[in-house]
Amino acid sequence: MAKEVTASDAKLIQYLNEAYGKEKQLETALQAHILMAKPRKPYEKKLKEHLRETKRHATEVKKRIRALGGKAEEVNVPAPVVDVATKGQEIVRKGAELVRGQAHVVRGTGEAEKMLKNAKTEYASEAEEIANYRAIEALADAVGDKETAKVARAIRREEERMAGFLERLIPQLVKAVAQDEIPSKERGSAGAKARAADARAKSSSSSSSSSRKPSSRRSSSRGSSRRKATTRSSAKASTTSKRKIGTSARRKTGSGSGRKTSTAARRKRS
């Protein structure tokens, strides 16, 4: 008689199936990465070791799924339903994983760049797996499943060790990429000196430009003052000229009127 699956078991099976699918996916990726890591023997050795761990993790997780009354599926399924993954889905999944593995083989440019890209992908995968097993462990503790919690804790610790290895490896691979693809004059102390000189040149140029701007403003201010003074002088000259013209006109008018009065007086006397 089949074991009755409780709500807590169904949720554990869901999380375990997610972890199981990730382990099977990584098997394909690691096989491709191992082929590319041959120039770096310690890295190649660690990948081979972790591939064996990954296969063992999948086996252990599969056992726990069966013990809880479910069936291990290589796809993310929420419950232990036997008929969820069909043969067609299985073929599509394996084909997709094969394509991903081949893509990993041709990625990047130089050997160091390819290994760096793979290491970053592996590091991200380890972070996801650590999160998966931490969630399984916490849920198992919450529902009192000591055996599942124990398995999840043991696998998580191995994933954390692999993540630590990759965390130390990535800076080394970055240095290898720099040596392969960046000229020596732009690396190390030579590169630092060049950057410092460039920074000083930019700073000097910026200071020179800033010092010229106030001078330009002062020149503009002086020019504006001169224009205003010239305008005021012209206005004064114009006012003076108008006054002179007005005075001269009044004098002429007064003189003409006087002459007309004298002539009229002489005519009356005569």
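Scoring V81 on the criteria (1) at pLDDT below 95; (2) in contact with a helix residue (DSSP H, G or I) (Cβ under 9 Å, 6 or more places away or on another chain); (3) not in a helix (DSSP H, G or I); (4) not basic (K, R) leaves a single failure, condition (2).
Screening region 1-45 for residues that are over 36 Å from the mean Cα position of the chain (by Cα) and without any contact (Cβ under 8 Å) to a residue 60 or more places away in the chain and picking the one that is surrounded by the fewest Cβ atoms within 10 Å (Cβ to Cβ) gives M1. When residues in region 113-147 are screened for being surrounded by 21 or more Cβ atoms within 10 Å (Cβ to Cβ), under 20 Å from G21 (Cβ atoms) and of a type in the set (A, V, I, L, M), 2 of them pass. If you go through region 37-51 and keep only what is over 19 Å from G21 (Cβ atoms) and in a helix (DSSP H, G or I), you end up with K41, P42, Y43, E44, K45, K46, L47, K48, E49. Filtering region 1-53 to residues that are at pLDDT 95 or above and of a type in the set (D, E) leaves D9, E18, E23, E27, E44, E49, E53.
Applying a threshold of 9 Å to beta carbon distances and a minimum spacing of six or more residues, or different chains, the list of pairs starting in region 138-153 at a residue that is modelled with pLDDT of 95 or more and ending at one that is among the hydroxyl-bearing types (S, T, Y) and not in a helix (DSSP H, G or I) reads V143/T6.
The values are calculated or read from the model by the stated rules, or taken from the named source; none is laboratory data. Source: prediction; values computed, not measured. In this analysis, Cβ positions are derived from the backbone assuming ideal geometry, glycine residues included, and neighbour counts consider all displayed protein chains.
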